[in-house]
1. Being at pLDDT 85 or above and surrounded by 12 or more Cβ atoms within 10 Å (Cβ to Cβ), is that true of even one residue in the stretch 75-84?
2. Looking at Tyr67, is it buried (at least 16 other Cβ atoms within 10 Å of the Cβ) and under 18 Å from the mean Cα position of the chain (by Cα)?
3. Got a number for residues in the stretch 114-134 being part of a loop (DSSP other than H, G, I, E, B) and not small (Gly, Ala, Ser)?
4. So, in the stretch 104-113, how many residues would count as being surrounded by 10 or more Cβ atoms within 10 Å (Cβ to Cβ) and either at pLDDT 90 or above or assigned to a loop (DSSP other than H, G, I, E, B) (or both)?
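The values are calculated or read from the model by the stated rules, or taken from the named source; none is laboratory data. These numbers come from a predicted model, not from an experiment. Note: ideal-geometry Cβ built from the backbone for every residue, glycine included; neighbour counts use all protein chains shown.
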Amino acid sequence: MTDTGSWVLVSRRLPPYPKPDSRAIESWCGLSADLDMLPKTGCTGSTAYCVDTGDRYMFEETTDTWYPMASSGGGGGSVPEGVGSYTGSYNVTPKASMTQILPTSNKYLKNNVTVAKIPYSETDNASDGTTVSIAAS
């Protein structure tokens with residue numbers, strides 16, 4: 001038996017239109033450090049998921065190669081080449097006195113940005129009225 005390192009076969013099924021000698025579509029889970037041990041036993045369309053990095057791969061049978069899959073923007077995935085990770089705050093409270101720009105352009109975000117409610121307060125004033133403060137700093 002071949003050493004597959006941390007890779008575990010989690011499912012195996014026949015392709016939709018199998019040929020008599022068809023291999024199965026396989027799904028694997030394992031660690032990115034063991035990528036070179038990922039078996040090449042399935043057919044085109046087999047997938048592998050790195051549980052430690054979220055990277056996904058798809059197998060192409062004619063080239064006998066696992067190819068990285070582009071991220072769909074969901075819960076994880078690999079960062080496209082040349083795109084840096086965002087390292088700023090993911091929480092923002094609006095301010096009336098200034099424009100706030102989060103430097104997220106061409107950056108990979110690992111979490112959602114949360115914009116807090118606009119600060120609002122009411123206080124009684126000396127004229128028997130109410131003073132409203134909106135986004136006051």
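1. Within the stretch 75-84, not a single residue is at pLDDT 85 or above and surrounded by 12 or more Cβ atoms within 10 Å (Cβ to Cβ).
2. Criteria not met by Tyr67.
3. The total comes to 5.
4. Residues flagged as surrounded by 10 or more Cβ atoms within 10 Å (Cβ to Cβ) and either at pLDDT 90 or above or assigned to a loop (DSSP other than H, G, I, E, B) (or both) within the stretch 104-113 amount to 5.
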